[in-house]
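Below is one structure, written out as structure tokens; comments come after it.
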Amino acid sequence: MAGIDVKDGATYCCMEGPRYETRAEVKMLRMLGGDIAGHTSFPEQVLAREAEICYASIGIVSSMAAGIEEGHVNAGVVEDTMEKMFDDVQQILMNAIELTDVDEDCWCKHSLEGTVHQK
Ligand SMILES: [Zn+2]
């Protein structure tokens with residue numbers, strides 16, 4: 001995407017907020033295969049899957065977390081990053097809306113096939 005550093009396929013770990021993770025928690029999440037830790041996006045993605053609704057999320061890396069970043073993670077750094085990224089996120093969302101084909105028969109609409117909750 002134009003001038004935006006985008007990574008696809010990271011493993012998101014949702015933690016209990018609003019506090020930041022401790023160094024030990026960050027280490028544990030990395031050992032479990034996590035790439036990004038945050039405080040949102042759950043349970044809505046699970047509910048979308050169960051309702052066979054297409055779902056995608058955008059994660060903005062606002063800090064490198066305890067034990068990785070020098071110094072302390074604080075709300076000011078997160079707020080500054082979010083403010084800087086606001087226009088980019090708006091552009092990503094506008095592009096996604098334009099490129100989305102609501103009539104496409106994608107995997108999301110069949111995610112319960114073969115399960116006990118099958119419609
Ligand atoms: Zn889909």
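With all protein chains present, calculate the accessible area of Leu93 using a 1.4 Å probe and round the result to the nearest 10 Å².
Surface open to solvent at Leu93 totals about 80 Å².
Kindly express, to the nearest 10 degrees and within the range 0 to 90, the angle between helix 75-99's C-alpha long axis and the longest C-alpha principal axis of the chain.
20 degrees
When only the heavy atoms of the protein chains count and the probe is 1.4 Å, how do Val61, Val89 rank by accessible area, highest first? Before the final figure, lay out each step's value.
Details: Val61 85, Val89 30 Å².
My answer, sorted largest first, is Val61, Val89.
Measure off 7 Å from each Cα along the Cα-to-Cβ vector at Leu99 and Arg49, then give the distance between these two points in nanometres to one decimal.
Taking the simple label geometry, Leu99 and Arg49 are separated by 2.3 nm.
Ignoring ligands, DNA and RNA, what accessible area per residue does segment 12-110 give at 1.4 Å, in Å²? Before the final figure, lay out each step's value.
Working: 7590 Å² over 99 residues.
On a per-residue basis, segment 12-110 sits at 77 Å².
So how far, in whole Å, is the C-alpha centre of segment 80-109 from the one of segment 26-53?
Segment 80-109 and segment 26-53 have Cα centres spaced 19 Å from each other.
To make sure I understand the rule: partners must be aspartates and glutamates, Cα under 14 Å from the Cα of Lys84, and not fewer than 8 residues away in the same chain. Which ones qualify?
Qualifying aspartates and glutamates at Cα under 14 Å: Asp5.
Calculated from DSSP H runs of 4 or more alone, at -39500 (n - 2.57) each and per residue, what is the 222 nm mean residue ellipticity of the chain, nearest 500? Display every interim value, and only then the final one.
Working: 3 runs with 41 residues, N = 119.
It comes out at -11000 deg cm²/dmol, rounded to the nearest 500.
In the chain, what percent of the accessible surface is made up of carbon and sulfur (1.4 Å probe, ligands and nucleic acids excluded)?
56 percent
In terms of solvent-accessible area of protein heavy atoms at a 1.4 angstrom probe, what is the ranking of Lys27, Lys109, Lys7, highest value first?
My answer, sorted largest first, is Lys7, Lys27, Lys109.
The values are calculated or read from the model by the stated rules, or taken from the named source; none is laboratory data. Please read these numbers as outputs of a predicted model, since none were measured by experiment. With ideal geometry, Cβ positions are generated from the backbone for all residues, glycine too; neighbour counts draw on all protein chains shown. All accessible areas refer to the heavy atoms of the entire protein, side chains included, with ligands and DNA or RNA removed. Shrake-Rupley method; radii C 1.70, N 1.55, O 1.52, S 1.80 Å.
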